[in-house]
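The values are calculated or read from the model by the stated rules, or taken from the named source; none is laboratory data. What you see is a predicted model, and the numbers here were worked out from it, not measured in a lab. Virtual Cβ from ideal backbone geometry, glycine too; neighbours counted across all protein chains shown.
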Amino acid sequence: MKILFLADEESKAYWEYFKKEDFKGIDVIVSCGDLNPSYLSFLTTMVGVPLLYVHGNHDDKYKDRPPEGCINIEDRVYVYEGVRFAGLGGSNRYKPGTNQYTERQMAKRVRRLKWKIWRHKGFDILVTHSPARGLNDGEDRCHKGFDVFNKLIRDYKPKYFVHGHVHMSYGRQFKRLDQVGDTTVINAYEKYIVEI
C-alpha cells in the first residue's frame, strides 16, 4: 500500500499545478491537520482515493465546513485495506481553541481510545497533529508534544507514528524521519509518501 501523508501547508504542486500522474499508485491520503478543507476535498475528488484526516490546532473551521468526501479518524481506529490507523488530532493548549488539549485531556482521549485499540488488536499507524514530547517537538508551549504519545508508541509498537505541527520551514532543524524502537517517526509537513 502506498500512502500520501500531508500536513500544515498545502503543496502548490498538488493544488495549483495538479497533475494526476503525480499520484500514480497512491492508495490512500492521510492529513495530519492544519490544511484547508477545500484542498482535502479537491484531492480526494481528483485523485479518487479515500482521504483520512485528524484536526490540527488551526482547524476550528472544520466544525462549520468539514472536508467533503473525507473520513474523520479522530478518536478512532480506522481500518483500510487491512491497515489500522489510530487518529488523535490537536495540539498542546496554548490559547482558547477547540483543537487544543492539556496533557491530562489528551491522556483522557487516549484512555477512551484503548478499547477500540484492543478490539482491533492494536494499530499499525498512529496519526496525530502534534508530535510526542521530546521527539522532534518544540520547547514553546504551542509546539511541545504530548507525553502520552510516547506511551502509545512504547505499549503498541506501531510501524509508523506520523504527525505534523512542527513545520520544517521554521528553520529549527526539525527532523523529517526518526526512529523509536521498531516505530518510524515521520514529520508529514507538506507531503510525504510511505509504501508499506
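Would you be able to say whether some residue in the stretch 121-143 is modelled with pLDDT of 95 or more, more than 17 Å from the chain's Cα centre (by Cα) and closer than 18 Å to Arg76 by Cβ?
yes
Answer yes if at least one residue in the stretch 144-162 is free of Cβ contacts under 8 Å to residues at least 12 places away in the same chain, assigned to a helix (DSSP H, G or I) and surrounded by fewer than 21 Cβ atoms within 10 Å (Cβ to Cβ), and no otherwise.
First, the residues of the stretch 144-162 that are free of Cβ contacts under 8 Å to residues at least 12 places away in the same chain: 155.
Then keep just the ones that are assigned to a helix (DSSP H, G or I); that gives 155.
From what is left, the residues that are surrounded by fewer than 21 Cβ atoms within 10 Å (Cβ to Cβ) are 155.
Scanning the stretch 144-162 turns up at least one residue that is free of Cβ contacts under 8 Å to residues at least 12 places away in the same chain, assigned to a helix (DSSP H, G or I) and surrounded by fewer than 21 Cβ atoms within 10 Å (Cβ to Cβ).
Would you check if there is a residue in the stretch 28-35 being surrounded by fewer than 20 Cβ atoms within 10 Å (Cβ to Cβ), in contact (Cβ under 8 Å) with a residue 24 or more places away in the chain and of a type outside the set (S, T, N, Q)? Spell out the reasoning first.
So the first thing to find is which residues in the stretch 28-35 are surrounded by fewer than 20 Cβ atoms within 10 Å (Cβ to Cβ), and the list is none.
Checked against the condition, which is being surrounded by fewer than 20 Cβ atoms within 10 Å (Cβ to Cβ), in contact (Cβ under 8 Å) with a residue 24 or more places away in the chain and of a type outside the set (S, T, N, Q), the stretch 28-35 yields no hits at all.
Is it true that Tyr170 is surrounded by fewer than 12 Cβ atoms within 10 Å (Cβ to Cβ), hydroxyl-bearing (Ser, Thr, Tyr) and either modelled with pLDDT under 95 or at negative phi (or both)?
Values: surrounded by fewer than 12 Cβ atoms within 10 Å (Cβ to Cβ): yes; hydroxyl-bearing (Ser, Thr, Tyr): yes; either modelled with pLDDT under 95 or at negative phi (or both): yes.
Yes, satisfied.
Checking Ser38 against (1) at pLDDT 95 or above; (2) outside any strand (DSSP E or B); (3) closer than 19 Å to Tyr192 by Cα, only one condition comes out false. Which one?
(3)
Within the bounds of the stretch 153-167, is there any residue that is at pLDDT below 95, of a type in the set (Ser, Thr, Tyr) and within 17 Å of Tyr53 (Cβ to Cβ)?
no
Going by the structure shown, is Leu40 touching a residue at least 24 places away in the same chain (Cβ under 8 Å) and aliphatic (A, V, I, L, M)?
Details: touching a residue at least 24 places away in the same chain (Cβ under 8 Å): yes; aliphatic (A, V, I, L, M): yes.
Against the criterion (touching a residue at least 24 places away in the same chain (Cβ under 8 Å) and aliphatic (A, V, I, L, M)), Leu40 qualifies.
Which one of the conditions (1) part of a loop (DSSP other than H, G, I, E, B); (2) touching a residue at least 40 places away in the same chain (Cβ under 8 Å); (3) among the hydrophobic types (A, V, I, L, M, F, W, C) does Val166 fail to meet, given that it meets all the rest?
Against the list (1) part of a loop (DSSP other than H, G, I, E, B); (2) touching a residue at least 40 places away in the same chain (Cβ under 8 Å); (3) among the hydrophobic types (A, V, I, L, M, F, W, C), Val166 comes up short only on (2).
Out of the residues in the stretch 1-35 meeting the condition of being assigned to a loop (DSSP other than H, G, I, E, B) and aromatic (Phe, Trp, Tyr), tell me which one is nearest to Asp75 (Cα to Cα). It would help to see each step written out before you state the result.
Looking only at the stretch 1-35, we keep the residues that are assigned to a loop (DSSP other than H, G, I, E, B), and these are 1, 7-11, 16-19, 24-27, 32-35.
Narrowing the set further to residues that are aromatic (Phe, Trp, Tyr) leaves 17-18.
Details: Tyr17: 34, Phe18: 31 Å.
Among those that are assigned to a loop (DSSP other than H, G, I, E, B) and aromatic (Phe, Trp, Tyr), it is Phe18.
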